[in-house]
1. What distance in nm lies between label points placed 7 Å from Cα along the C-beta direction at Val118 and Asn213?
2. So which aspartates and glutamates pass the test for Lys102, namely a Cα distance under 19 Å, with those fewer than 8 places away in the same chain ruled out?
3. Could you sort 1-10, 40-49 so that the peptide with the highest average Cβ count within 10 Å comes first and the rest follow in order?
4. Can you tell me how much longer the chain between Asp38 and Thr67 gets when fully stretched, taken as 0.36 nm per residue apart minus their C-alpha distance, in nm with one decimal?
5. Enumerate the amide H contacts of Leu54 below 5 Å, restricted to partners 5 or more residues apart or on another chain; note that Pro and chain-start residues carry no placed amide H.
6. Given the peptides 126-134, 232-240, arrange them by the average over their residues of other C-beta atoms within 10 Å, most packed first.
7. Going down the list Lys3/Lys214; Lys142/Lys200; Lys34/Lys261; Lys34/Lys260, which pairs span over 31 Å between their C-alpha atoms?
8. Report, to two decimal places, the Cα Rg of the range 134-175 normalised by 2.2 N^0.38 Å (N = number of residues).
Amino acid sequence: MEKVRKEDRFKIDVIITSPPYNIGKNYSSYHDTKKTDDYLDWLLVVAQKSFWILKPNGSFFLNIGGTSAEPLIPFLVLNKFISAGYKLQNTIHWIKSISIEKEDIGNNNQICKTGFSVGHFRPIRSNRYLTNTHEYIFHFTKTGTQNLEKLSIGVPYQDKSNIKRWKSVEQDKRDRGNVWFISYPTIQSSRSHPAIFPEKLASLCIKLHGYLNKDFIVYDPFMGIGNTALACIELGINYIGTEIDENYINIANNMIVEKKKNLSKSK
């Protein structure tokens, strides 16, 4: 980020990232156990430097979570970003697993009449806390007034009568809202990275902001194994990323090559 700021060759349209949560994850090169004040001061610097390189109409999507024992981590980080000058425009709830019972399914829903559970999560053994199946995506902008392409990630109406009922509705698509169910594949073998967010999460954030400009650039300051880059390649837009772990960089580069190869085959 400092290099981008100093060179001042371009500005970033969208930043999407998920920094370490300071909850003891087993990264190969980074120790996720800073003192709380040190951790928050570190992310304040990230917030300040990112603010310099983000366009005036840009968006920063910050994926952050806590633990049952440390539930305030996301909000402490949120306050640091606000103190750096950002406005919190949207709070998105990333749901990784959900259970819906029969009595809570609407009469017009034809998908299932018996109730169901979908998604994956890591259960906890504690008798004091509920298993955490949710994380935050804080959407920051510089003004809090950035227009979004909400219907680009819209979903069909469950009750089709709403299409004719509301004068503003022109198609069978509505605002997705701020609760996103995004599952991720189960991992049967060892993990290449201890904290991966799905490629779909990055893709939805980019589409929500809008990306029609040919010079559009997405930046992930904590690139990890490259899922933000994969989303950008799928959408055909520019990206840059930074990562301190050489092993993760190698994995990301291999995944990027494979993604490009698969896309070229499908054309």
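1. 3.5 nm
2. Within the straight-line limit of under 19 Å, Lys102 reaches these aspartates and glutamates: Asp159.
3. So the order, starting with the most tightly packed, is 40-49, 1-10.
4. On the way: separation 29, 0.36 × 29 = 10.44 nm, distance 1.85 nm.
Fully extending the segment from Asp38 to Thr67 adds 8.6 nm.
5. Long-range HN contacts for Leu54: Ile12.
6. Descending mean neighbour count gives 232-240, 126-134.
7. From the list (Lys3/Lys214; Lys142/Lys200; Lys34/Lys261; Lys34/Lys260), the Cα-Cα distance tops 31 Å for Lys34/Lys261; Lys34/Lys260.
8. Scaled against compact globular proteins, the figure is 1.53.
Any read-out appearing in this document is the output of simple, stated calculations on the displayed coordinates, not a laboratory observation. Computed from a predicted model, the values in this text were never measured in an experiment. Because the Cβ atoms are built from the backbone with ideal geometry, glycine has one as well, and the counts that use them run over all protein chains shown.
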